[in-house]
Amino acid sequence: MPKGEPSGKGSALKRFGDPVVIALSGGLVVLFMALSLIDIDGVSGAIGTKET
C-alpha cells in the first residue's frame, strides 16, 4: 500500500487531525466566548494593549 494513503480503523478520525489538539482548541474558543459574554471589559483589557 502506498505510504501517503490512510488505511485502517483510525483513518476517519485522523482525517480531522489529532483529537486532543482539536478538543483543546475548541475548548479555548468556547472559554473565550463564555468569558466575553460574562465580562467583555475584562476580556478586552486582558488582550488589549495600551498605547502611551
*Working only within the stretch 35-45, note down all residues that are of a type outside the set (Val, Ile, Thr) and exposed (fewer than 10 other Cβ atoms within 10 Å of the Cβ).*
Leu37, Asp41
*List the number of the failed condition for Leu31; all other conditions in (1) exposed (fewer than 10 other Cβ atoms within 10 Å of the Cβ); (2) among the hydrophobic types (A, V, I, L, M, F, W, C); (3) at pLDDT 90 or above hold.*
(1)
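The values are calculated or read from the model by the stated rules, or taken from the named source; none is laboratory data. What you see is a predicted model; the values in this text were computed from it and never measured. Cβ atoms come from the backbone with ideal geometry, glycine included; neighbour counts cover every protein chain shown.
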